[in-house]
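Right, one structure below, let's go through it.
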Amino acid sequence: MRTPTFEELAGDEAEFFANHFNQTPLLRRAALSGDSRDVLSVADLDELLHLEAIRPPYLAITKDGDGVPERAYTTLTRVQGTTVTDTVVAERVYELFRTGATLTWSSLNHVLPSVRALTRMLATKFAARSDVVAFLTPAGRQGFSPHHDPVDLFIIQLEGTKHWKLWEPPATRRGDIGHYKLEELGTPVIETTLQAGDVLYLPYNTPHVAAAEDQVSLHLSVMVRPRMWRDLLGLAVERLLDTEGFWQFPYLHESTVTDLVPTFTDHAALLAERLREIDVEAELRRLMTLGQHSEGTAQGNEFQTIAALDAIGGSTLLRRTDVAVTFQESRDGRTKTKVNGHTIAIPSAVAATLERMTSGEPVPAREINPDVETERSVGIAQALARLGVLTVAR
Ligand SMILES: [Fe+2]
């Protein structure tokens, strides 16, 4: 499976953020390069469906506009002696699908690494949480009635076709969920049939409705939850409130309301004062980092790092990390060294190598301590790598 790039979804980044983000829909025909089924295919969903690990709420089923109760398509299974109560039964899901039900696969980024790479990329670009939902609709069915979502959406059509209608967003967009009757919406601003490989961007709160045409339709609904000023200021205030001065419990009761007025006013004034003193740029950076590391996007390589450390040999090239190391006094061939708050004594020859390595040049493990045989030098290199000072150069 392949992860689409930001440019495939949104086109030119600067142009997208200037003219479309939060403002107007964007329809990009044949936006995906190559075969759209490389991103996710109906065949992939057949495979996923048979994995016992797929359970509600990851897989939800809707028929004629209503949710199908989970017990209609789940059963008990045993995993190493433990009972899992809601394992999806593929045959029952197929039966529902054959009779017109729509399948919704929520948070595919929780199970598919290629989709997770997509949410991670989007979380970085938008400094906001991102989730991917796949919709599989039988031919000729309307999945959901007209509504708007609280999130920005990139609709990626992967197989089949789907007919979309979009309407002008309401005058005030609150970032909520809203439902409409078709009659009250009037003429759509966009009415189009998405083909495999097309991408449609909908800013939050854009009313829409979609229906599959004459074949099974698979699309991804890539959600991005941009944070409004309400959210960002709320987070900033929340941090300020968790400080000295706001930790007392007032006795709030009919009999104390009047007495509490001046204290409330004082606390509000203190909050206002702290808000004024805030380092706004640093706070914005903090909020950006928070958004970029939202749930559902984390990735790591610690197993690989640990395995690579165990495999270090004499010729393995190592380099310094950015972990701060300070060298203190040397005595009897050993140098006191401070790493991550710990003070250790290392051979002075090793300290000299570490100092030399700040230039970024990788050094083979056997030369970390050139005064001893390879095996001991490698041992020291591994110990320093476990402390985070050295890493295997890739
Ligand atoms: Fe929607």
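Please state the relative contact order of the range 1-118 as a whole percent: Cα pairs under 8 Å, 6+ residues apart?
Result for the range 1-118 is 26 percent.
Averaging the inverse of every distinct alpha carbon separation and then flipping it gives the Kirkwood radius. What is it for the range 302-392, in angstrom units? Please list the in-between numbers first.
Values: mean 1/r = 0.0770 Å⁻¹.
Kirkwood hydrodynamic radius for the range 302-392: 13.0 Å.
Per-residue ellipticity at 222 nm for the chain, helices alone: DSSP H runs ≥ 4 residues times -39500 (n - 2.57), over residue total, nearest 500 deg cm²/dmol?
On the way: 12 runs with 125 residues, N = 394.
Per the formula, -9500 deg cm²/dmol.
Under the rule a/c < 1.5 gives rounded, and otherwise a/b versus b/c splits prolate from oblate, where does the range 154-256 land using the Cα gyration tensor? Write down the numbers at each step before the final one.
Working: a/c = 3.76, a/b = 2.44, b/c = 1.54.
Verdict is prolate for the range 154-256.
For GLU295, which sequence-distant residues (separation of 5 or more, or a different chain) have an amide H within less than 5 Å of its own amide H, given hydrogens modelled in the peptide plane?
none
Applying the Karplus parametrisation 6.51 cos²θ - 1.76 cosθ + 1.60 with θ = phi - 60° to the phi angles of the range 249-266, what ³J(HN,Hα) value in whole Hz is obtained for each residue in order, glycine and proline being reported as x?
Along the range 249-266, the couplings run 9, x, 7, 9, 7, 3, 6, 10, 3, 5, 5, 7, 4, x, 5, 4, 4, 4 Hz.
Under a 10 Å cutoff between Cα atoms, tell me which one of ASP310, ASP242, ASP38 has the largest fluctuation in the Gaussian network model of the chain.
Top of the fluctuation ranking is ASP310.
Mean shadow of the range 229-292, computed from the convex hull of its alpha carbons, in nm²? Please list the in-between numbers first.
Details: hull surface 21.2 nm².
Result: 5.3 nm².
Pick from ILE306, ILE278, ILE61: which is most flexible by mean-square fluctuation in a GNM of the chain where alpha carbon atoms under 10 Å apart are linked?
ILE306
Under 29 Å from the Cα of LYS63, which lysines turn up, not counting those fewer than eight places away in the same chain?
Within the straight-line limit of under 29 Å, LYS63 reaches these lysines: LYS162, LYS165, LYS181.
Anyone know which of GLU184, GLU302, GLU283 comes out most mobile in the 10 Å Cα GNM of the chain?
Top of the fluctuation ranking is GLU302.
Using only C-alpha positions, report the orientation-averaged shadow area of the convex hull of the chain, nm², one decimal.
Numbers: hull surface 121.9 nm².
Average of the hull's projected areas for the chain equals 30.5 nm².
For the chain, which span is the longest to avoid every loop-located (per DSSP) member of chymotrypsin sites (Phe, Trp or Tyr not before Pro) having at most 10 other Cβ atoms inside 10 Å?
On the way: sites that count: TRP247, TYR251.
Looking at the chain, 1-246 is the longest stretch - no exposed chymotrypsin sites (Phe, Trp or Tyr not before Pro) with at most 10 other Cβ atoms within 10 Å.
Answer with one residue from ALA345, GLY360, MET288: the one whose Cα lies farthest towards the positive end of the charge dipole of the chain, charges on Cβ with Lys, Arg +1 and Asp, Glu -1.
ALA345
Using the Karplus equation 6.51 cos²θ - 1.76 cosθ + 1.60 (θ = phi - 60°), what ³J(HN,Hα) coupling, rounded to whole Hz, does each residue of the range 355-366 give in order, writing x for Gly and Pro?
5, 5, 6, 5, 5, x, 5, x, 10, x, 4, 5
Residue by residue through the range 268-281, which ³J(HN,Hα) values in whole Hz follow from phi under the Karplus form 6.51 cos²θ - 1.76 cosθ + 1.60 (θ = phi - 60°), with glycine and proline marked x?
Once θ is set to phi - 60°, the couplings for the range 268-281 become 4, 5, 4, 4, 4, 5, 5, 5, 5, 7, 4, 7, 4, 5 Hz.
Which of rounded, prolate, oblate describes the range 6-225, given a ≥ b ≥ c as roots of the alpha-carbon gyration tensor eigenvalues and a/c under 1.5 marking rounded, otherwise prolate only if a/b is larger than b/c? Please report the intermediate quantities before stating the final value.
Values: a/c = 1.73, a/b = 1.43, b/c = 1.21.
In terms of gyration-tensor shape, prolate.
Where a number appears in this text, it was derived from the coordinates with a stated rule and is not lab data. A quick note: this is a predicted structure, and the numbers were derived from the prediction, not measured. Glycine also receives a Cβ, built like all others from the backbone with ideal geometry; neighbour counts cover every protein chain displayed.
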